[in-house]
Each structure stands twice: as structure tokens, then as C-alpha cells.
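The values are calculated or read from the model by the stated rules, or taken from the named source; none is laboratory data. If you're wondering where the values come from, they're calculated on a predicted model, not measured in any experiment. Virtual Cβ from ideal backbone geometry, glycine too; neighbours counted across all protein chains shown. We work out accessible area using only protein heavy atoms, side chains counted, and drop any ligands, DNA or RNA first. Shrake-Rupley method; radii C 1.70, N 1.55, O 1.52, S 1.80 Å.
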Amino acid sequence: LSIPAVGYTRESQEQFQVRGQRQMEYMAARQAYQARAPYPLRPATAAETERDLRAAGFVAVSTRDRNAWYAETAVRDLALIEGALRSDLIATSSPEIYEDWLTMRRAQTAAVGAEGLRPTHLRGRRP
């Protein structure tokens with residue numbers, strides 16, 4: 001916002017800056033999560049997955065975006081992992097395993113919060 005502007009130009013400039021910041025947060029959160037994930041990730045949109053299910057012969061295919069629900073769940077779970085469950089988790093594994101898992105869960109929670117992961121329920125049936 002270093003370029004002077006007024007009215008709609010200023011508002012538009014602010015909106016683009018916010019969008020750009022959100023995109024950078026999303027990319028950073030997603031990269032951090034993918035670096036920590038114990039399995040390879042191949043991102044696909046709900047529409048792409050729905051198309052793939054139909055191509056595989058499924059009918060009555062539907063999707064349901066669960067990002068808002070999962071974002072709340074991830075934050076709540078992370079608080080338990082960092083708090084009330086911490087000593088039990090360390091006792092059943094090791095401090096090293098706990099710290100590694102905690103790092104991954106923090107990255108996952110950030111990625112979901114930045115909409116870098118969009119958990120989606122998929123339904124379909126074979127004819």
C-alpha cells in the first residue's frame with residue numbers, strides 16, 4: 001500500500017494485498033505440511049475427484065466440503081495433543097516421536113486453517 005490511492009482504487013489495492021497475503025500463507029502452510037506428511041500427497045479438487053469417480057464407473061456421486069468442520073477439529077485436537085494428552089502420548093511412544101508428530105500436526109492444522117487442505121466427503125455407488 002505504498003502507492004497513494006483513494007476511493008475504489010485504494011479499496012481494490014487493499015483487497016489484492018489481502019488476497020496475495022492469504023495465497024502466500026496457504027502456500028507456506030501447505031509446503032510445511034507436505035514436508036512433514038508420512039505419505040505422498042496428490043492434491044485434487046472436489047470437482048476433479050468427482051470426475052475421477054464417475055470415470056471409474058461410480059454413479060450418484062456427491063461431494064461435501066468439510067473444511068470448516070475439520071479446521072475446528074484440528075485446532076481442538078492440537079490443543080489436546082499439546083496439553084492434556086501430552087504426557088500420555090510421550091509415555092506410549094517417546095519424546096522424539098511425540099515431537100515429530102506434534103510438528104506434523106501443527107503443520108497440518110496450519111494448512112487446514114489456510115485452506116491448503118480441503119477435507120471433502122465423497123459419496124458414490126457402483127451401478
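Before moving on, here are some points about what is shown:
- Of the criteria (1) within 21 Å of Tyr26 (Cα to Cα); (2) open to solvent by less than 70 Å² (accessible area, probe 1.4 Å), which one Val75 fails: (2)
- Set Arg118, Arg106: member being basic (Lys, Arg), closer than 18 Å to Ala35 by Cβ and surrounded by 14 or more Cβ atoms within 10 Å (Cβ to Cβ): Arg106
- Tally, over the range 68-127, of residues that are more than 30 Å from Ala55 (Cβ to Cβ), without any contact (Cβ under 8 Å) to a residue 12 or more places away in the chain, assigned to a helix (DSSP H, G or I) and small (Gly, Ala, Ser): 3
- Residue, nearest to Pro127 (Cα to Cα), within the range 52-67, restricted to residues that are part of a helix (DSSP H, G or I) and open to solvent by 60 Å² or more (accessible area, probe 1.4 Å): Arg54
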